[in-house]
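To start, the structure itself, in structure tokens.
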Amino acid sequence: MATPSLPAELVVLGPSRFPIGTGAASAIEGPAHLVELGRFALARTEVSFAALAEYESSTGRKVVALQGINLAKFGTRPAVNLTRDEAADYCRWRYARWSGRLPTEAEWEFAARSGDSARLLPWAGPRIEPALANLGAAHPRTFPVESFESGASAQGILHLIGNAAEWTASDAAPYPGSSARLSDFKGAKGQAVVRGGGANTPVAGVRATSRWFAPPASGSPFLGFRCAAD
């Protein structure tokens with residue numbers, strides 16, 4: 001039986017041989033190294049609270065950190081405070097016919113650089129401007145997942161930088177050829193890779209190659225996710 005057509009909210013990317021990372025071998029996001037990416041799909045937006053409410057209603061599963069919260073109240077703002085496993089469970093449910101999952105770190109960066117090794121941001125410009133990304137606000141808050149369209153990637157993927165940082169399926173590790181140690185990464189051993197930065201992340205130094213690490217069993221008010229599929 002043929003696999004059903006991908007839902008419209010999924011953007012097909014790859015395959016590609018792409019240089020992930022940038023900078024010195026001693027840097028947290030260096031050095032650049034080639035990775036082989038197969039054909040995959042990535043959601044155009046972050047998963048929203050409204051979508052998470054549908055998931056909870058359909059499956060009877062509850063996100064522990066959000067119990068007692070009226071998810072519908074937050075509507076199309078990005079769903080945050082989930083653990084990595086909870087985020088991955090949603091993706092498996094939502095895109096079960098297409099092997100739904102969280103994106104790998106390499107897939108995420110490929111999308112965030114619009115598949116162009118010359119870019120360090122989703123858009124063509126050299127800087128992060130207020131109209132392009134919800135990042136570094138004095139009083140940070142998230143915006144609807146369909147907002148900031150001018151900051152979309154060349155393929156139309158929104159909020160790859162800013163709004164909510166995003167879980168990936170990858171675990172913290174130095175890149176191939178790195179001279180850094182995990183102990184240099186502020187205790188990253190056993191943690192998961194987070195990408196994109198959130199509304200509370202300072203603008204300075206944020207780019208599509210930036211890496212952060214978080215305990216996979218913890219959530220955060222500015223840490224959300226988007227789904228990938230095969």
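Report, in debye and to the nearest 20, how large the dipole of the chain comes out about its Cα centre when Lys and Arg carry +1 and Asp and Glu carry -1 on their Cβ.
Numbers: 23 positive and 20 negative charges, 38 e Å.
So the magnitude is around 180 debye.
Express the carbon and sulfur contribution to the solvent-accessible surface of segment 94-150 as a percent, rounded to the nearest whole number, probe 1.4 angstrom. Write out the running numbers ahead of the final one.
Details: 1470 of 2780 Å².
On segment 94-150, the fraction of accessible area on carbon and sulfur atoms equals 53 percent.
Share of antiparallel DSSP beta bridges in the chain, in percent to the nearest 5?
Working: 19 of 21 bridges.
Looking only at bridges with both residues in the chain, the antiparallel portion is about 90 percent.
List the residues whose amide H sits under 5 Å from the amide H of VAL35, counting only those 5 or more places along or on another chain, with H placed 1.01 Å from N in the peptide plane.
PHE18, ILE20
Ranked from highest to lowest mean number of other Cβ atoms within 10 Å per residue, what is the order of the peptides 122-129, 212-219, 54-61? All intermediate terms of the calculation are to be shown ahead of the outcome.
Numbers: 122-129: 14.6, 212-219: 17.8, 54-61: 13.1.
Sorting 122-129, 212-219, 54-61 by mean packing, highest first, produces 212-219, 122-129, 54-61.
Pull out a ≥ b ≥ c, the square roots of the eigenvalues of the alpha-carbon gyration tensor of segment 37-126, then state rounded if a/c is under 1.5, prolate if not and a/b is larger than b/c, and oblate in the remaining case. Before the final figure, lay out the partial values.
Details: a/c = 2.75, a/b = 1.78, b/c = 1.54.
Prolate, because a/c is 1.5 or more and a/b exceeds b/c.
Calculated from the structure, percent of Cα pairs over 30 Å apart equals which of [x] 52; [y] 19; [z] 24?
It is the value labelled [y].
Please list, ordered by chain and number, the residues whose modelled amide H lies under 5 Å from the amide H of GLY224; skip anything fewer than 5 residues away on the same chain.
Counting only residues 5 or more places away or on other chains, the set is ALA165, GLU166, TRP167.
Put +1 on the Cβ of every Lys and Arg and -1 on every Asp and Glu Cβ in segment 27-91; which of VAL63, GLY38, THR76 then has its Cα farthest towards the positive end of the dipole?
THR76
Would you look at the GNM of the chain, springs on alpha carbons closer than 10 Å, and say which of ALA27, ALA192, ALA118 moves the most?
Highest fluctuation among the options: ALA118.
For segment 212-225, what does the Karplus curve 6.51 cos²θ - 1.76 cosθ + 1.60, with θ = phi - 60°, yield as ³J(HN,Hα) per residue in whole Hz, taken in order and with x for Gly and Pro?
These are the phi-based 3J(HN,Hα) values: 10, 10, 8, x, x, 8, 10, x, 8, x, 10, 10, x, 6 Hz.
Output the 0 to 90 degree angle, nearest 10, between the alpha-carbon long axis of helix 49-59 and the longest principal axis computed from the alpha carbons of the chain.
With both axes taken from Cα atoms, the answer is about 60 degrees.
Please give the per residue accessible area of the chain, computed with a probe of 1.4 Å over protein heavy atoms only, in Å².
Numbers: 10420 Å² over 230 residues.
Accessible surface, normalised per residue, equals 45 Å².
Can you list the residues, at least 5 places off or on another chain, whose amide H is less than 5 Å from the amide H of VAL194, using H built in the peptide plane?
Here the answer is TRP212, PHE213, ALA214, since their amide H atoms fall under 5 Å of that of VAL194.
Under 1.5 on a/c is rounded, so check that first for segment 71-204, then, if it is not, pick prolate when a/b is larger than b/c and oblate when it is not; a ≥ b ≥ c are the square roots of the alpha carbon gyration tensor eigenvalues. Could you put the intermediate results ahead of the total?
Details: a/c = 1.36, a/b = 1.09, b/c = 1.25.
Rounded is the answer for segment 71-204, as its axis ratio a/c remains below 1.5.
Can you list the HN-Hα couplings for segment 98-106, worked out from phi with the Karplus curve (6.51, -1.76, 1.60; θ = phi - 60°), rounded to whole Hz and with x for Gly and Pro?
10, 6, x, 6, 7, x, 6, 4, 5
With axes computed from alpha carbons, what is the tilt in degrees of helix 84-94 against the longest principal axis of the chain, rounded to the nearest 10 within 0 to 90?
With both axes taken from Cα atoms, the answer is about 60 degrees.
Just how large is the dipole of segment 99-230 about the Cα centre, in debye to the nearest 20, putting +1 at every Lys and Arg Cβ and -1 at every Asp and Glu Cβ? The partial results should precede the final answer.
Numbers: 12 positive and 11 negative charges, 73 e Å.
Its charge dipole is roughly 360 debye.
Treat every Asp and Glu Cβ in segment 107-167 as -1 and every Lys and Arg Cβ as +1, leave all other atoms uncharged, and give the resulting dipole magnitude about the Cα centre to the nearest 20 debye. Let's see the in-between values first.
On the way: 4 positive and 7 negative charges, 39 e Å.
Value, rounded to 20: 180 debye.
Using just the helices of the chain, give the 222 nm mean residue ellipticity in deg cm²/dmol: DSSP H runs with n ≥ 4 each add -39,500 (n - 2.57), and the total is spread over all residues, rounded to 500. Walk me through the intermediate numbers first.
Values: 3 runs with 30 residues, N = 230.
Taking each H run of at least 4 residues, the total per residue is -4000 deg cm²/dmol.
The values are calculated or read from the model by the stated rules, or taken from the named source; none is laboratory data. Here the structure is a predicted model, which means the values were calculated and not measured. Positions of Cβ are generated from backbone atoms using ideal geometry, with glycine treated the same way; all protein chains shown enter the neighbour counts. Side chains are part of the model used for accessible areas, which takes the heavy atoms of the whole protein and leaves out ligands, DNA and RNA. Shrake-Rupley method; radii C 1.70, N 1.55, O 1.52, S 1.80 Å.
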